[in-house]
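One structure is given here, and the rest of the page talks about it.
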């Protein structure tokens, strides 16, 4: 098992060296049936995500139904429909072989189409968090003079009580 993962890592590292992608998209692993297959696929996906992340390359995950819906319009499309749409969208003479190649191209198409919207959503969330932080800071800054005045008044009262209690 360990040697298999090392071989996958070496292959991915070589591919990343050769192609230098700006983004890496990975199909999110999902299966209700064969746990053993899912585990192997998840491990290989994790190696790909690790290799990309190690280089600072952003990684996006897309579900199989998300990929199918992006390419065919239906999240329940079968492999033949995905292959036919990839062929049409990329203006290929024939469907990519093997079928996994069509799946990989569909993942790339999905990411290209969905990434701008996801980036806008992430930017909106980040902007909202920044605005909340600025508002919180401004609120704290407004409260600070009042807190200082209250603290000074408390010290002043303590000083007066202490001086009254001292013999003259």
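Tabulated data for the structure shown
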{"read-out": "Tabulated pairs, the stretch 1-12, first surrounded by 14 or more Cβ atoms within 10 Å (Cβ to Cβ), second assigned to a helix (DSSP H, G or I), C-beta under 6 angstrom, 6+ apart or interchain", "value": "5/47; 8/44; 8/47; 9/47; 12/48; 12/51"}
{"read-out": "Filter result for residue 18 (modelled with pLDDT of 95 or more and surrounded by 14 or more Cβ atoms within 10 Å (Cβ to Cβ))", "value": "no"}
{"read-out": "Test: residue in the stretch 65-80 that is within 26 Å of residue 10 (Cα to Cα) and either over 15 Å from the mean Cα position of the chain (by Cα) or not in a loop (DSSP other than H, G, I, E, B) (or both)", "value": "no"}
{"read-out": "Leading residue by the ranking (surrounded by the most Cβ atoms within 10 Å (Cβ to Cβ)) among those in the stretch 28-50 that are under 11 Å from residue 5 (Cα atoms) and under 15 Å from the mean Cα position of the chain (by Cα)", "value": "48"}
{"read-out": "Among the residues listed as 103, 93, 78, the single one being touching a residue at least 60 places away in the same chain (Cβ under 8 Å) and out of contact with any strand residue (DSSP E or B) (no Cβ under 7 Å at 6 or more places or on another chain)", "value": "103"}
{"read-out": "Filter result for the condition that a residue is farther than 12 Å from residue 106 by Cα, part of a helix (DSSP H, G or I) and touching a residue at least 24 places away in the same chain (Cβ under 8 Å), over 16, 61", "value": "16"}
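The values are calculated or read from the model by the stated rules, or taken from the named source; none is laboratory data. Note that the coordinates shown come from a computational prediction; the quantities given were computed from them, not determined experimentally. FYI the Cβ positions are ideal-geometry reconstructions off the backbone, even for glycines, and counts take in every protein chain you see.
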